[in-house]
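Step one of this worksheet: look at the structure below.
Please treat every number below as a calculation from the coordinates, not as lab data. Worth saying up front: this structure is predicted, and the values here are computed from it rather than measured. All Cβ positions, glycine included, derive from the backbone under ideal geometry; neighbour counts span all protein chains shown.
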């Protein structure tokens, strides 16, 4: 019975490996460094073909216990199939979605059906192909898909209040000011700027005290941030001083170049979290086969209609919201999605939302991925070039549930650690890098050991800037997490 089960495992692993190899080129989530499966190694003893790892355990996302089916062809001999039980260490790179598997330790080599006289000889042959210093690169998504999701992580409190949701059938942008507007003067001019705006937003300190907004293509002006935006025929004279100020180098070209002509986009203003559902023309929907759902086809937003009730379902920042019509009111509904969402076919254009549908395999994989810490090393030389502009003296507020604080009077994302006096206690987080890891490491210094920080789910998760980081190496000192 034991031999039979081993043979079944080998057969299924070989079949899975062949299928994986055939589909590797079409697998959009596979890392470019993963050549697919099976893989082959040769030496003076013959050749070994080994198949995709079957994971038994991935402890702390570092130690990997797994099995691999293989076929060994000794030099001048016939093919022999078997099973390897191994243990190895992993190093995850979430950015390129790859896993480096190294420090191989072969726990057991099994040859179902092979007589004992040859087993010892073949055992040594197999081990010669996979020495301890052997390294394998595997797509992160492949590995995650093979890990059994037996236990969900502990739930944490999150803010599920619906954001302000705007809808437009014509070009529009969201002017988002994070809370109360923080204004700062520009020295030597009659101008100031709004520090906590997501677009360049200037204002005149003296009459006529108008606001000037750069949309990325054209300049608009208004007497109020909240609305009334129209094309600005010309900019205030002092804008030329801003253009020639090295601190505003990134605004020189927009200020000195002619503003784009034509009808300006609609400007939606919010000082709270907000979203824009932007249609290209009137809303258009398509039925999802095998379900009672339709999805919007002429927007980048993940917007659905549940046909039996005609309710709208919108996915924003991983959370689902429901409304009787596009004008609202919107309510949080992730835990009460219609069952048909889990029935969206994998080949549907709408299938990308499956990672956010509770109970789906894609969602389980996403939960597992979110638990994998990303390790990076700050380049001190690049870090020295980072510049942060504050409105007055730096001001920080606590991040709920952590010992960290974040800066409130700068457009940059700055996290303060401790009392701010220790070496490297402030971390500059690049704007617009998304919400991937909830954890990041701070490099050790001679006087302060490395520590692992976990940010609050109440705050957007930080990412170290790509230009300031590289993969960790054994020469770097990190806390084991």
* **Which of 214, 406 has the fewest Cβ neighbours within 10 Å, and the rest in rising order** => 214, 406
* Grab the Cα-Cα distance for residue 105 and residue 159, subtract it from 0.36 nm times how many residues apart they are, and report the gain in nm with one decimal. => 15.0 nm
* Structure fact -> Taking 312, 285 and counting other beta carbon atoms within 10 angstrom, the fewest-first order is 285, 312
* To do: Name all residues of the range 171-211 having a backbone nitrogen under 11 Å from the label point set 7 Å from the Cα of residue 244 along its Cα→Cβ direction, giving them as ranges.
  => none
* Restricting the count to DSSP beta bridges whose residues both fall in the range 170-267, what percent are antiparallel, rounded to a multiple of 5? -> 90
* Structure fact -> At R0 = 41 Å the Cβ-Cβ FRET efficiency linking residue 287 and residue 332, nearest 0.05, sits at 0.95
* Asked: Working out 0.36 nm times the residue gap between residue 185 and residue 63, then minus their Cα-Cα distance, what length gain in nm do you get to one decimal?
  -> 38.6 nm
* **FRET efficiency for residue 43 and residue 352, using Cβ-Cβ distance with R0 set to 30 Å, rounded to 0.05** => 0.10
* Specify the inter-centroid distance of the range 114-128 and the range 33-68, based on alpha-carbon positions, in whole Å. => 19
* Structure fact -> By the mean-Cβ-within-10 Å protection proxy, highest first, 182-188, 74-80 rank as 182-188, 74-80
* Peptides 286-294, 223-231: what's the order by average Cβ count within 10 Å, highest mean first? -> 286-294, 223-231
* Structure fact -> Placing each pseudo-label 7 Å from Cα in the direction of the beta carbon, residue 205 and residue 128 end up separated by a distance in nanometres of 8.0
* Taking the mean number of other Cβ atoms within 10 Å as a proxy for protection, how do you rank 344-352, 135-143 from highest to lowest? -> 135-143, 344-352
* Got a sec? How would 305, 195 order by Cβ neighbour count within 10 Å, fewest to most? -> 305, 195
